[in-house]
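The values are calculated or read from the model by the stated rules, or taken from the named source; none is laboratory data. All values reported here derive from a predicted model rather than from experimental measurement. Note: ideal-geometry Cβ built from the backbone for every residue, glycine included; neighbour counts use all protein chains shown. Ligands, DNA and RNA are excluded from the accessible area calculation, which covers all protein heavy atoms including side chains. Shrake-Rupley method; radii C 1.70, N 1.55, O 1.52, S 1.80 Å.
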Amino acid sequence: MSAPNYPEPRNLLKDRTVVVTAAAGTGIGFAVAKRAAEEGARVLISDFHERRLGEAADRIAEEVGTRPATCICDVTQQDQVDALHAAAIDALGHVDVLINNAGLGGEVPVVDMTDDQWSRVLDVTLNSVFRMTRAFLPSMYARKSGAIVNNASVLGWRAQKGQAHYAAAKAGVMAFTRCSAVEAAEHGVRINAVAPSIAMHAFLAKVTTDELLAELSQREAFGRPAEVWEVANVMLFLASDLSSYMTGEVLSVSSQRA
């Protein structure tokens, strides 16, 4: 089954401000930043890769008509996370929506996994969500409004060999989402997450074998991976007022067979 047509903008985030981490390249982060801009938001994108970040901003400017603000940030470094928050306030005035998209994977059996491999995946994929949320929540609390959307994975629920570190990190993102959401609700802030199964983009194709991609695609009821913008659409729903009664939830963006 082929992918549907690219969506027409509906002003879901008109006049909102949005910060997206890990937004360079061709993945979900870039897709959600572009879709947020298309939906009327003022956007700041961040990434560790300076050249690719600039290219991403240029591409959004060309395709949408407005260039997002940018800020280099290594989400494993608290001082850089704090600098990103300061840059966002300076560029946008305030932040309505934070999208925590940074993540790192890799396939390694547990018996071969080093401490460094385990720790690096958890630091980028789970600890970054904690650091970013901790940095941005106080200003959202002060305004008594805001939404945070975290990028988890179906592997937070399901097993796949070679993915113990990544699955553990994504399960942690889910648990962190639920617990932090209960705290944030008292201040008018919502925190939710998406859990994609497989979303195709150029980098994934580069680091994944054709055989594994075919196997993962066959597990999907639609017989194909998601387009990155299909995952982005659900993230925008969670960022918008259409999900105003939802917090602490993890939405599976998947057609995997039961």
Pairs only if they're at least six apart or on different chains, beta carbon under 7 angstrom, first in region 239-258 and in contact (Cβ under 8 Å) with a residue 40 or more places away in the chain, second assigned to a loop (DSSP other than H, G, I, E, B) and of a type in the set (Lys, Arg); list them, first residue then second. GLN256/ARG219
Exactly one of ALA159, ALA147, ALA102 is of a type in the set (Gly, Ala, Ser) and more than 22 Å from SER46 (Cβ to Cβ), and that residue is ALA159
Enumeration of residues in region 229-258 that are under 24 Å from ARG219 (Cα atoms), of a type in the set (A, V, I, L, M, F, W, C) and surrounded by fewer than 18 Cβ atoms within 10 Å (Cβ to Cβ): ALA258
Inside region 63-75, can you point out the residues that are surrounded by fewer than 24 Cβ atoms within 10 Å (Cβ to Cβ), of a type in the set (A, V, I, L, M) and within 19 Å of the chain's Cα centre (by Cα)? ALA69, ILE72
Quickly run through region 73-113 and pick out the residues that are outside any helix (DSSP H, G or I) and more than 27 Å from ALA181 (Cα to Cα). GLY106, GLU107, VAL108, PRO109, MET113
Touching an Asp or Glu at 6+ places or on another chain (Cβ under 8 Å), within 16 Å of ILE191 (Cα to Cα), open to solvent by less than 30 Å² (accessible area, probe 1.4 Å) and hydrophobic (A, V, I, L, M, F, W, C): is that true of ALA135 in this structure? yes
Check region 107-120 and report whether any residue there is among the small types (Gly, Ala, Ser) and under 19 Å from GLY27 (Cα atoms). no
In region 196-207, is there at least one residue being open to solvent by 10 Å² or more (accessible area, probe 1.4 Å), farther than 25 Å from ALA31 by Cβ and among the charged types (D, E, K, R)? no
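Residues checked against (1) out of contact with any Leu (no Cβ under 9 Å at 6 or more places or on another chain); (2) open to solvent by less than 60 Å² (accessible area, probe 1.4 Å); (3) aromatic (Phe, Trp, Tyr); (4) touching a residue at least 24 places away in the same chain (Cβ under 8 Å):
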site: ALA83; (1), (2), (3), (4): yes, yes, no, no
site: ALA88; (1), (2), (3), (4): no, yes, no, yes
site: ASN101; (1), (2), (3), (4): yes, yes, no, yes
site: THR114; (1), (2), (3), (4): yes, no, no, no
site: TRP118; (1), (2), (3), (4): yes, no, yes, yes
site: VAL124; (1), (2), (3), (4): no, yes, no, yes
site: PHE130; (1), (2), (3), (4): yes, no, yes, yes
Has region 188-204 got at least one residue that is more than 20 Å from the chain's Cα centre (by Cα), modelled with pLDDT under 95, among the β-branched types (Val, Ile, Thr) and not in a strand (DSSP E or B)? no
Answer yes if at least one residue in region 50-62 is assigned to a loop (DSSP other than H, G, I, E, B) and either on the phi > 0 side of the Ramachandran plot or open to solvent by 30 Å² or more (accessible area, probe 1.4 Å) (or both), and no otherwise. no
So ALA24 ticks every box in (1) small (Gly, Ala, Ser); (2) assigned to a helix (DSSP H, G or I); (3) open to solvent by 10 Å² or more (accessible area, probe 1.4 Å); (4) over 25 Å from GLY188 (Cβ atoms) but one. Which box is left unticked? (2)
Given the conditions (1) in contact (Cβ under 8 Å) with a residue 24 or more places away in the chain; (2) surrounded by fewer than 22 Cβ atoms within 10 Å (Cβ to Cβ); (3) in a helix (DSSP H, G or I), every one holds for ALA175 apart from (1)
Going through region 1-21 one residue at a time, which ones are open to solvent by less than 70 Å² (accessible area, probe 1.4 Å) and in contact with a Phe, Trp or Tyr (Cβ under 8 Å, 6 or more places away or on another chain)? PRO7, LEU12, VAL19
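Go through region 103-112 residue by residue and tally those that are out of contact with any helix residue (DSSP H, G or I) (no Cβ under 6 Å at 6 or more places or on another chain) and open to solvent by 60 Å² or more (accessible area, probe 1.4 Å). Don't jump to the end; show me each part of the working.
Taking region 103-112 and keeping what is out of contact with any helix residue (DSSP H, G or I) (no Cβ under 6 Å at 6 or more places or on another chain), we get 106-107, 109, 111-112.
Within this subset, residues satisfying the condition of being open to solvent by 60 Å² or more (accessible area, probe 1.4 Å) are 107, 109, 111-112.
Residues meeting the conditions: 4.
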